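The values are calculated or read from the model by the stated rules, or taken from the named source; none is laboratory data. The model shown is predicted, which means the values in this text are computed figures rather than measured ones. Positions of Cβ are generated from backbone atoms using ideal geometry, with glycine treated the same way; all protein chains shown enter the neighbour counts. Accessible surface areas use protein heavy atoms only, side chains included; no ligands, DNA or RNA. Shrake-Rupley method; radii C 1.70, N 1.55, O 1.52, S 1.80 Å.
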Amino acid sequence: MAKPHSYKFCFGPWNLSEGADPYGPPTRPVQSFDWKLDQLREHGFEAMMFHDDDAVPDIDSKSSAQLVKEAKSLSKRLKDAGVAAEMVAPRLWFSPHTIDGAYTNNDPKCRKYAIERSLRCIDIARAMDTDLIVLWLAREGTYIRESKDARRCVDYLVEAMDKMLGYDKKIRLAIEPKPNEPMDHAYLPTIGHALAVAQLTRDPKRVGCLIESAHALLAGLDPADEIDFAMAFDKLWSLHLNDQNGMKFDQDKPFGSNNLRIAFNQVRTLERTGYGRHGEYVCFDVHPFRPTQPNHWMDHLVNSRQTFLRLLEKARSFDDKQAQALVKDRNYQALDQLVIEHLLGK
Ligand code: GLO
Ligand code: MG
C-alpha cells in the first residue's frame, strides 16, 4: 500500500467574508487583503486561491502591462510569505457586460468582453506562477428557457475555452460546475457535463474540473461519487469542500457541518483515489455564519480543516477487510451499521 501522504490546504480571500447577504448589510468590518493573507499564513494554510480581481483590483481599467506588473508584485509578496497561488479564476459575473451571461451572452460584444477578460486572467495567472484557471460559470445559463439557444451555447463555451487554450499552451482549465444560483438553470451543472464539454475542446487533456461539495448536493448528487467519476478521468484538479443542508441556496457551510457521513465518504474517496499526489490542494469554499463575531473570523476554516483531518483518521482506520466481507455476503444492513459505529467512535 502507498505511504499515507499529507494534504495541503487552501482558501480564497472571499472566504473571509463580512456577512452581507441579500437581506442585510455586513456584520463584520471590512478587512484588507494583507490582513487576510496574514490570517492564512498564521493559521498554517499553504496556498491561496484568487479571482483575477482579488489579485489585481479594477482589472477592466488597467493595461495588460499594468496587470502583469501588479500580479508579479503580489506574487513576490506571496513567495516571501511562503504561500502559493493555487489558481486564478476570471470573475465573469460582476461586469455590466455579463448581466445576461459571459461566454453564452446573446450579445457578441459581451461574449468578446468575457473572452478578453479571461485572457487577462491568464496573464495574471502566469505572472503568479500558477497554470490553473478555474471557470465557475456563474451566469452561463438561463432565467427563462426561451431566452437562449442551449445548443448554440455549447459552441460558445467551447469557443471561449479554445481561445484560452490557444492563448497559452501551458494553462489548464478546471470547470467548477454548479446547477443553479445565480441562474435558474446552469448549462454545466455537473461533473459529467464539464468533462463532456472538455472533450469538444481543441485540447481535452488540459480541460478538467473542480468539485464543490455543496454544488454536487444542489444537483442532488453525492459529492463522493462526483469525485470518483472525475478521478476515473484523472481530471480532478481542485476541490472546494464545504457542506449544504439540502437543496436550498448555496450555503457554503463548514466541511462536515451538516452531514458527517457524506463528508467521511468524500475524504475516504480522496484517500482511495490518491487525490493530492500531484500537488492538488484541498480548498475550503466556506463562509462564516452571518452572526460570527470578528474574533472568530477564521474558525470556519480552521474547523473545516480539523474536521477533514479527523475524518482522514476515520478513513484510514476504517475496517476495510470487514467491510469487504460484508459486501461479499451482501449484508448491507451490517455494513451500514459498521460505518455508523465507526463514525460514532466505537
Ligand atoms: C460559488 C462558487 C464560487 C467559486 C469561486 C471561484 O458558488 O463556489 O465561490 O468557487 O468564484 O471560482
Ligand atoms: Mg466554489
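Condition check: farther than 22 Å from residue 271 by Cα and more than 15 Å from the chain's Cα centre (by Cα). Does residue 4 satisfy that? Judged against the criteria, residue 4 is not a match. Checking 204, 223 one by one, the residue that is within 13 Å of ligand 2 (Cβ to nearest atom), in contact with a helix residue (DSSP H, G or I) (Cβ under 7 Å, 6 or more places away or on another chain) and modelled with pLDDT of 95 or more is 223 and no other. On the given criteria, is residue 30 under 23 Å from residue 173 (Cβ atoms) and not aromatic (Phe, Trp, Tyr)? Against the criterion (under 23 Å from residue 173 (Cβ atoms) and not aromatic (Phe, Trp, Tyr)), residue 30 does not qualify. When segment 304-341 is filtered for residues that are open to solvent by 30 Å² or more (accessible area, probe 1.4 Å) and within 30 Å of residue 19 (Cβ to Cβ), the ones remaining, listed by number, are 305, 306, 307, 309, 310. Of the conditions (1) of a type outside the set (A, V, I, L, M); (2) in contact (Cβ under 8 Å) with a residue 60 or more places away in the chain; (3) under 28 Å from residue 22 (Cα atoms), residue 277 clears all except one; give me its number. That leaves (3) as the condition not met. I'd like to check something: does segment 67-83 contain any residue that is hydrophobic (A, V, I, L, M, F, W, C) and over 27 Å from residue 287 (Cα atoms)? Yes: one or more hits.
Residue 202 passes every criterion in (1) outside any helix (DSSP H, G or I); (2) within 16 Å of ligand 1 (Cβ to nearest atom) apart from (2). Just a yes or no: is a residue in segment 240-258 open to solvent by 10 Å² or more (accessible area, probe 1.4 Å), touching an Asp or Glu at 6+ places or on another chain (Cβ under 8 Å), away from ligand 2 (no atom under 15 Å from the Cβ) and not small (Gly, Ala, Ser)? So far as segment 240-258 goes, yes, one or more of its residues are open to solvent by 10 Å² or more (accessible area, probe 1.4 Å), touching an Asp or Glu at 6+ places or on another chain (Cβ under 8 Å), away from ligand 2 (no atom under 15 Å from the Cβ) and not small (Gly, Ala, Ser). Within segment 212-238, residues that are among the basic types (Lys, Arg) sit with their Cβ atoms under 6 Å from residues that are outside any helix (DSSP H, G or I) and open to solvent by less than 20 Å² (accessible area, probe 1.4 Å), at 6+ positions apart or across chains, in these pairs: 235/208; 235/209.
Kindly evaluate residue 338 against the criterion of being touching a residue at least 40 places away in the same chain (Cβ under 8 Å), over 21 Å from residue 12 (Cβ atoms) and assigned to a helix (DSSP H, G or I).
Numbers: touching a residue at least 40 places away in the same chain (Cβ under 8 Å): no; over 21 Å from residue 12 (Cβ atoms): yes; assigned to a helix (DSSP H, G or I): yes.
Criteria not met by residue 338.
From the list 309, 335, 344, pick out the single residue that is modelled with pLDDT of 95 or more, over 30 Å from residue 283 (Cβ atoms) and not aromatic (Phe, Trp, Tyr). Don't jump to the end; show me each part of the working.
On the way: 309 fails: over 30 Å from residue 283 (Cβ atoms); 344 fails: over 30 Å from residue 283 (Cβ atoms).
So the residue among 309, 335, 344 that is modelled with pLDDT of 95 or more, over 30 Å from residue 283 (Cβ atoms) and not aromatic (Phe, Trp, Tyr) is 335.
Does residue 198 count as within 15 Å of ligand 2 (Cβ to nearest atom), small (Gly, Ala, Ser) and open to solvent by less than 10 Å² (accessible area, probe 1.4 Å)? Taking the combined requirement at face value, the residue does not satisfy it. Taking residue 301, is it closer than 21 Å to residue 11 by Cβ and buried (at least 20 other Cβ atoms within 10 Å of the Cβ)? So residue 301 passes the test. In segment 267-291, the residue that is most open to solvent (accessible area, probe 1.4 Å) out of those that are within 16 Å of ligand 2 (Cβ to nearest atom) and of a type in the set (Phe, Trp, Tyr) is 281.
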